[in-house]
Ligand code: PMP
């Protein structure tokens, strides 16, 4: 595999980071997660919402004193090139990552030297079609701690603790609450509830990442299905009494949640609105919906 490393395409064994690297030692960095979807009937690979992912990446960098040393357009062009030189003809996950480049001990973010890599990977786990989840005993990191809006490397320790606890206790995934006890998000997913045909999802101020899948789902619900979507704080108990609940994320797509803390949600199966949104989303990301082609960058 070729990897993008600071403006060059290198074979993977040629790319290295020192064990002394400050980004590695203290988690000083941020990353993105982008997907490419293979459309076999069109013989085409589509990169989904590439511009929005790289804009979010650059904004993350700005908040974290991690200046991304390239323009969004450069990052887009290099990503297309990377996928091409790796001759990708299947679904693939793309990981841009920017870390502090220095090898010094002090954990500050002030050095202008940042390292930027982009690599490709297959998604290495296949989640179940519907999830049993729990509310985590771990609190979501807050905006004045490690800003969750920035995909900060160090922040994923919070995600890792929540996911691991959930798995050890026999659940598929966790839901994290804010320090005020409001519903926030999953360790790597946004959350929606549906009650009386209305979608509700926590606002960005409830310590969530402003998800690109979340935004796409809001558009599908409003424009395609004529449903109202409200961004508002959610109480934990609203999860249990919802008609449908689902996670959204680049890696996971749209994923129904059918049990929370051993309470059955709705009918205990994927709900009709979730299914409808999921099937529209799956068409959109593969370039099969004319109305959203502007979100899909063809590689070939
Ligand atoms: N929240 C967190 C903490 C995440 O890591 C992700 C995955 N990027 C999401 C939400 C979903 O965001 P997106 O739809 O942009 O992938």
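Looking only at segment 185-213, which residues are in a helix (DSSP H, G or I) and within 21 Å of residue 162 (Cα to Cα)? Hits for segment 185-213 are 204, 205, 206. Annotation note: of 189, 180, 173, 185, the sole residue that is within 29 Å of residue 227 (Cβ to Cβ), more than 16 Å from the ligand (Cβ to nearest atom) and modelled with pLDDT of 95 or more is 180. Just one of the listed residues (37, 57, 51, 117) is under 25 Å from residue 209 (Cβ atoms), within 16 Å of the ligand (Cβ to nearest atom) and in a strand (DSSP E or B), namely 37. Considering segment 120-142 alone, what residues qualify as being modelled with pLDDT of 95 or more and either part of a loop (DSSP other than H, G, I, E, B) or on the phi > 0 side of the Ramachandran plot (or both)? Those that are modelled with pLDDT of 95 or more and either part of a loop (DSSP other than H, G, I, E, B) or on the phi > 0 side of the Ramachandran plot (or both): 129, 130, 140, 141, 142. One residue alone among 94, 85, 68 is away from the ligand (no atom under 16 Å from the Cβ) and within 20 Å of the chain's Cα centre (by Cα), and that residue is 68. Looking at 136, 205, just one residue is more than 11 Å from the ligand (Cβ to nearest atom), under 28 Å from residue 273 (Cα atoms) and touching a helix residue (DSSP H, G or I) at 6+ places or on another chain (Cβ under 6 Å), and that residue is 136. Kindly establish whether residue 233 is in a loop (DSSP other than H, G, I, E, B) and within 16 Å of the ligand (Cβ to nearest atom). When the stated conditions are applied, residue 233 does not pass them.
Condition check ((1) surrounded by fewer than 19 Cβ atoms within 10 Å (Cβ to Cβ); (2) assigned by TED's automatic domain parsing to the domain that holds residue 61; (3) more than 22 Å from residue 56 (Cα to Cα)) across all residues:
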residue: 168; (1), (2), (3): yes, no, yes
residue: 171; (1), (2), (3): no, no, yes
residue: 175; (1), (2), (3): no, no, yes
residue: 191; (1), (2), (3): no, no, no
residue: 202; (1), (2), (3): no, no, no
residue: 205; (1), (2), (3): yes, no, no
residue: 209; (1), (2), (3): no, no, no
residue: 212; (1), (2), (3): no, no, no
residue: 225; (1), (2), (3): yes, no, yes
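The values are calculated or read from the model by the stated rules, or taken from the named source; none is laboratory data. No experiment lies behind these values; they were computed from the predicted model shown. Glycine gets a Cβ as well: all are built from the backbone with ideal geometry, and neighbour counts include every protein chain shown.
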